[in-house]
Amino acid sequence: MPIDFHWYIPNVIQPGHRGDTNAEGWGSLDHSTAIAHSVEQGGWTGALIGAGWGRPDAFVVATALLARTTTLQPIVAVRPGYWSPAQFATAAATADALSQGRLLVNIVTGQDNPLAYGDTEVDQPARYARTAEFMRLVRRLWTEERVTFRGEHYGVENASITPRPYVNGQRVHPTLFFGGASEAAECTGAAEADVQLFWGEPLAGIEERIARLKKLAAKAERARPLEFGLRITTVVRDTSEEAWAVAEEKVDHFAKHGQDWIANWHTAAAVGQKRLLDLAERGDVLDTCLYTKPGKVGGGGAATTWLVGSHDEVAQALAAYQRLGITHFILSDTPYREESIRVGEQLIGRVKALCAPLASSP
């Protein structure tokens with residue numbers, strides 16, 4: 001199965017996101033477009049665009065970038081409870097049709113600030129049950145002529161959307177990415193997602209989770225096999241020594257100055273986040289180059305653990321994840337615009353070369 005590589009476009013207004021040193025333009029379309037053009041130049045398939053209450057609307061940003069780029073495939077983060085399934089299915093199908101199939105979707109269930117936008121469903125099992133219905137209904141609206149659905153959380157009567165998503169061979173609708181490490185999350189992803197995303201855990205942890213998710217997926221009535229993706233920060237340079245010096249400098253900066261985005265992660269009780277934070281007890285560096293120290297100084301989400309090393313070392317680490325079954329990589333480092341070009345040009349080809357013999361073997 002071919003592998004693809006995506007970058008990250010920060011969807012924020014204030015400068016300094018995760019240590020980005022570019023001070024001007026944040027929150028403007030020109031600034032986001034400049035990063036998007038760099039993503040295209042660097043050879044990436046697309047870029048994840050984050051979503052959160054109190055930030056610009058991710059879907060609006062994604063559609064604006066679709067209009068200003070030629071190959072970029074934005075992965076737009078979407079929250080059930082913020083969108084209704086039918087409204088989202090229509091909006092996404094429209095953007096997908098107009099861009100000729102360049103929209104990707106990341107379904108997010110973890111708590112944000114739900115009461116601020118009128119979402120009263122805060123119980124975890126109910127949220128994941130609602131997310132499962134959301135994905136199931138959206139997929140049906142994208143692929144069926146008329147849909148009647150009555151579930152515990154959603155219902156539609158004789159619903160049909162226009163236009164339909166762009167169809168190209170086996171690709172009949174935008175890919176649905178999904179993440180979550182709790183039991184409820186894994187059951188939801190195994191049954192309804194197209195791609196289950198992981199954060200940067202050691203290889204053994206990822207291998208264990210893939211095996212469990214495959215068993216869960218085998219019990220579900222899936223049209224296509226479940227695929228897997230990795231979302232992680234990478235700090236890569238020409239030499240290992242240079243990369244580690246940069247990584248330690250970044251960690252020192254975070255420890256001294258602090259960031260709101262960092263502190264917020266540590267107040268969360270998400271199972272996946274706790275798994276990452278607990279890794280620091282096993283050592284600062286796991287596997288060959290998985291750096292856990294960022295979590296000690298407040299790093300959260302995809303910035304809790306980093307892959308650090310030379311281009312060849314990090315390429316080998318990513319290839320090791322690919323051998324476990326990872327086929328989608330979402331990487332990032334700051335400054336986002338400059339690093340998207342440098343990392344893309346230096347890393348993507350190396351990983352593909354390492355994975356090519358595996359893909360061609362019987």
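Values quoted throughout were computed directly from the atomic coordinates according to the rules given, and no laboratory measurement underlies them. It should be emphasised that the depicted structure is a prediction, and the values quoted were computed from it without experimental measurement. With ideal geometry, Cβ positions are generated from the backbone for all residues, glycine too; neighbour counts draw on all protein chains shown.
Subtracting the Cα-Cα distance from 0.36 nm times the residue separation, let me have the gained length for Thr120 to Val246 in nm, one decimal.
On the way: separation 126, 0.36 × 126 = 45.36 nm, distance 4.32 nm.
Net length gain for the segment: 41.0 nm.
Sequentially through segment 161-173, phi angles give Karplus couplings (6.51, -1.76, 1.60; θ = phi - 60°) of 10, 9, x, 7, x, 5, 10, 9, x, 6, 7, 10, 6 Hz, Gly and Pro residues having no value and appearing as x.
If only the Cβ of Lys and Arg carry +1 and only the Cβ of Asp and Glu carry -1, the dipole of segment 33-169 around its Cα centre is close to 240 debye. Under the classification rounded if a/c is under 1.5, otherwise prolate if a/b is larger than b/c and oblate if not, where does segment 1-158 fall, given a ≥ b ≥ c as square roots of the Cα gyration tensor eigenvalues? Oblate, because a/c is 1.5 or more while a/b does not exceed b/c.
Between Glu24 and Gln87, what length comes free when the chain is fully extended (0.36 nm per residue of separation minus the Cα-Cα distance, one decimal in nm)?
The span from Glu24 to Gln87 would gain 19.2 nm if fully extended.
Helices meeting the span-like rule in the chain (full DSSP H runs, Cα extent of at least 24 Å along the helix axis, mean Kyte-Doolittle score of -0.5 or higher): 203-219. In terms of overall dimensions, the C-alpha atoms belonging to segment 70-220 reach 44, 37, 31 Å along their principal axes, ordered largest to smallest. Bridging of Lys256 to lysines at a Cα separation below 20 Å is possible for Lys293, Lys296, once same-chain residues fewer than 8 apart are set aside.
The local environment of Arg146, defined by Cβ-Cβ distances under 12 Å, has a net charge of -2 under the rule Lys, Arg +1 and Asp, Glu -1.
Result for the chain in a Gaussian network model with C-alpha springs under 10 Å: among Ala280, Ala315, Ala67, the largest mean-square fluctuation is at Ala67.
Share of antiparallel DSSP beta bridges in segment 107-207, in percent to the nearest 5?
The answer is about 50 percent antiparallel.
Kirkwood hydrodynamic radius of segment 79-147 from all distinct Cα pairs, in Å?
Computed over Cα pairs of segment 79-147, the Kirkwood hydrodynamic radius comes out at 13.0 Å.
Beta-bridge orientation, the chain: approximately 20 percent antiparallel, per DSSP, counting only bridges with both partners inside. For a straight C-alpha distance cut-off of 20 angstrom, the aspartates and glutamates reachable from Lys219 (same-chain residues fewer than eight places away being disregarded) are Glu133, Glu183, Glu186, Glu192, Asp194, Glu207, Glu208, Glu227.
When the Cα gyration tensor is reduced to axis lengths a ≥ b ≥ c, the ratio a/c is 1.5 or higher for segment 287-347, and with a/b not above b/c it is classed as oblate.
With a Förster radius of 35 Å applied to the beta-carbon distance between Asp284 and Glu338, the computed FRET efficiency rounds to 0.85.
At a Förster radius of 45 Å, what calculated FRET efficiency corresponds to the Cβ-Cβ distance of Ala218 and Glu157, to the nearest 0.05?
0.85
Which FRET efficiency value, to the nearest 0.05, do you get for Gln170 and Thr239 by plugging their Cβ-Cβ distance into 1/(1 + (r/R0)^6) with R0 = 45 Å? Efficiency, rounded to the nearest 0.05: 0.60. Exposed loop sites are taken as GluC sites (Glu not before Pro) in a DSSP loop (any state but H, G, I, E or B) with at most 10 other beta carbon atoms within 10 Å; the longest stretch of the chain without one runs 222-362.
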